[in-house]
Amino acid sequence: MPFVCRRTLICMLLITLSSAGFTQSTQQTAWLSWTHQQVLSPKFALHFDVLTRTADNLEYLRFFGLRPGLTYLIDKKQSITAGYTHRWTNDIHQPEKNITENWIWEQYSLKTNFTRFSLAHRLRIEQRFSSPANQATFFSQRLRYLGRFVIPLSQRPPFKKGCFAALQNETFLFVQHKEKLNGHLFDQNRSYAGVGFRFNQHLDAELGYMYIIAKTRLSSTQTHTGQLSVVTKF
């Protein structure tokens, strides 16, 4: 594995472990996601994803998000995307925590195939306009980096069909107006492991487990999440 990749993953692991020491509460949730890419031309594609999340202990649907975007395909390995996100979070027990968010975001993606696996990097920055219940809308910016390994279990890359394993980690940092959120540079870290099946070049389905550590102003929360995701490309 390249030195830069090893160093990046080690840094993300250290952030996760250091945050875990301050965890004070635990939740169990489930996520369902669909991600789609519609190729328009050799250089442009539409991006779209939708995500739903449950509240703690799968009590009710707490979160819904839509994220459309336009992608410029630099080459077979690299792309840049700009888009919009609408998110709605509902807390039936504490309505004062309900929040609607509208974001603008930009990202750079890089994917490399190695002998036995592929490695994808995604660097995204978000301009967030958040509207808590009965409060004025405020602005913040967040930076997030994701590293993801896909390991084919039936053939070597280029991987076209069959079972695969996936490992990924994503770290979130507040880079502007953190004082309006949790007051810290660190927002959260998501570590994930899953297994999936690639039906063809157009369809992947994946089931996995995600461990999330999120920092609040005075404590931290760990969340155990089961996730089902579907990825389509045409």
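Could you check region 177-197 and list, in sequence order, the residues that are open to solvent by less than 40 Å² (accessible area, probe 1.4 Å) and over 23 Å from SER131 (Cα atoms)?
Residues satisfying the conditions are ASN189, ARG190, SER191, TYR192, GLY194, GLY196.
If I ask for residues that are in contact with a Pro (Cβ under 8 Å, 6 or more places away or on another chain) and of a type outside the set (Ser, Thr, Tyr), which ones from region 115-137 would you list?
Our first condition is that a residue be in contact with a Pro (Cβ under 8 Å, 6 or more places away or on another chain); within region 115-137, this holds for 115-118, 133.
Listed by number, the residues that qualify are ARG116, PHE117, ALA133.
How many of the residues making up region 39-76 are open to solvent by 70 Å² or more (accessible area, probe 1.4 Å) and either at positive phi or not aliphatic (A, V, I, L, M) (or both)?
Step one: filter region 39-76 for residues open to solvent by 70 Å² or more (accessible area, probe 1.4 Å), giving 40, 42-44, 46, 57-59, 61-62, 64, 70, 72, 75-76.
Retained after the next criterion (residues that are either at positive phi or not aliphatic (A, V, I, L, M) (or both)): 42-44, 57-59, 62, 64, 72, 75-76.
Selection size over region 39-76: 11.
Taking strands (runs of 3 or more DSSP E) that fall entirely within region 36-119, which contain at least 2 residues that are of a type in the set (Gly, Ala, Ser)? Write out each step before concluding.
Values: elements: 44-54, 61-73, 78-89, 99-113.
Output list reads 61-73, 78-89.
Taking region 203-218 only, how many residues are hydroxyl-bearing (Ser, Thr, Tyr), open to solvent by 60 Å² or more (accessible area, probe 1.4 Å) and over 21 Å from VAL231 (Cβ atoms)?
If we filter region 203-218 for residues that are hydroxyl-bearing (Ser, Thr, Tyr), which is where we start, we get 209, 211, 216.
Retained after the next criterion (residues that are open to solvent by 60 Å² or more (accessible area, probe 1.4 Å)): 209.
Applying the additional criterion that residues be over 21 Å from VAL231 (Cβ atoms) yields none.
Number satisfying all stated conditions: 0.
The values are calculated or read from the model by the stated rules, or taken from the named source; none is laboratory data. Only a predicted model underlies this, so the values are computations on that prediction, with no experimental measurement involved. All Cβ positions, even for glycine, are placed from backbone atoms using ideal geometry, and neighbour counts span all protein chains on display. The protein model used for the area step is the full one, side chains on, heavy atoms only, and it has no ligands, DNA or RNA in it. Shrake-Rupley method; radii C 1.70, N 1.55, O 1.52, S 1.80 Å.
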